[in-house]
Structure formats: structure tokens, C-alpha cells
Amino acid sequence: MNFRFEDKLKLDKNKIFEFKDWLTKNRFREIYKPREILSIYFDTKYNQTYHDSNEGIVPRSKLRLRTYNFKSLKKNKFNIEIKKSINHGRLKSTKILNNFEKSLKLGIFLKNYGFCYPKIIIKYNRSYYKYKNIRLTLDKNIKFENFTKSLNNSMVSKTSDLIVAEIKYSSGGDSIELFHKLPFEKTRFSKYCIGLETLNLV
């Protein structure tokens, strides 16, 4: 697992130009072309990872399948990602998922939680920036779908006005100086939790 610190910002859509101006002034440069991300989030029958995240319990884990520039469930290759939150940062593991259809049908075992099953799909467009040892991603056009209803083509995506910036770094140094100049409020939240609440699944 890779260890990192992570801070999140909720941005008002009216502040996006101000935020991009801040990126330019602080010498962030775009390092990849923007791309669409699709994630399928898994949880226990009673949504235990959701409750742990909302209550800020540590350690806690989150499980998702992720792909990029989505075409179809059959054409795309998915990675399985496990994010673990501990007292002082985040651990993340990623590997290629070889038994995709079986995982959707039977679930995936997550340590300390037991078997987890697909709950929601989250899609968004992500841009990537970097300054020294600090990486920053910007997520817009965020859409939530109930996984089961989405498979049956019985539900339209619910689009959120939410814009999310995530700042990721492996140590202090440059990041400490940068955060002193940050004119936006850092906060703790989860797109997964917001998605479940938006779709009235909790």
C-alpha cells in the first residue's frame, strides 16, 4: 500500500475560476490530459463503510472498482482499489481485477468488514496538477447512479453541482508553506457518502 496525506476542498462552482487562478499563481502545472473516471463503490449489506466514514472512525476502509474513459462494463478493464484511513494519513492499494463479473454478482471480501456488494456508480471528469511533491486533482461534472437500477436502465444519473479538489502529498515541507496561503477551506467528506445520501439510499 502507498502512504500519503490527503486534504479535500469543496468548491462552489462560482469559485472555480478563482481556484484555477490560485493554481497558476502557485505554479501548479497540468500533468495529464483530463479524463473521465467511473467508480463502482462496494459496501456491506448495512452500509458499514458509509457509517464509519460519516462518523470519522479510524482505522476504516473503503472499497471500489475504478476504470477510465468508460465505454461499457464488458469492454473496460477495472482496477480494485482499497483505501484505508488511519490516524495520520491514507493507505491505498490498487491491482487489476480479473474476475469482474463474479465480483459484481458475489461481492468482494474486505478485511474487518466481510463481504461487500456494489452500491452506487460515481462518474466525473478529473484534471491533474502538480507542484513539487504535491499532486492536486480537480473533479467536476459529478454524477451518481444507483448500481442496481443503472444495470436495469431504469434510472437517470443525478448530477451534482459539487466540485472537489483533492491535495495529495507524502510529507510536509512544501505543503505546509502552501497551505498557509490556501484561501479555501479544507474539510472532511466523501463522494461515496454524498452519493448515497443524494440517491436516498441511507
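Overview of results
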item: Two-site label geometry, residue 109 and residue 188: point separation in nm, points 7 Å out along Cα→Cβ; result: 3.0 nm
item: Sites residue 157 and residue 181, calculated FRET efficiency, Cβ-Cβ separation with R0 25 Å, nearest 0.05; result: 0.10
item: Segment residue 202-residue 8, extension gain: residue separation times 0.36 nm, minus the distance between their alpha carbons; result: 67.5 nm
item: Net lengthening on full extension, residue 46/residue 25 (0.36 nm per residue, minus Cα-Cα); result: 3.0 nm
item: Dipole magnitude of the range 59-202, debye to nearest 20 (Cβ charges: Lys/Arg +1, Asp/Glu -1, about Cα centre); result: 520 debye
item: Where trypsin sites (Lys or Arg not before Pro) in DSSP loops with at most 11 other Cβ within 10 Å are excluded, longest remaining stretch of the chain; result: 112-180
item: Percentage relative contact order, the chain, counting C-alpha pairs under 8 Å, at least six apart; result: 29 percent
item: Estimated 222 nm signal from helices in the chain, with DSSP H stretches of n ≥ 4 weighted -39500 (n - 2.57), rounded to 500; result: -6000 deg cm²/dmol
item: Accessible area per residue, Å², the range 25-123 with all protein chains present, probe 1.4 Å; result: 60 Å²
item: Solvent-accessible area, 1.4 Å probe, carbon plus sulfur percent, for the chain; result: 48 percent
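The values are calculated or read from the model by the stated rules, or taken from the named source; none is laboratory data. The structure displayed is predicted, hence computed values, not measured ones. Note that each Cβ is placed from the backbone with ideal geometry, even for glycine, and that neighbours are counted across all protein chains shown. For accessibility, only protein heavy atoms count, side chains too; no ligands or nucleic acids. Shrake-Rupley method; radii C 1.70, N 1.55, O 1.52, S 1.80 Å.
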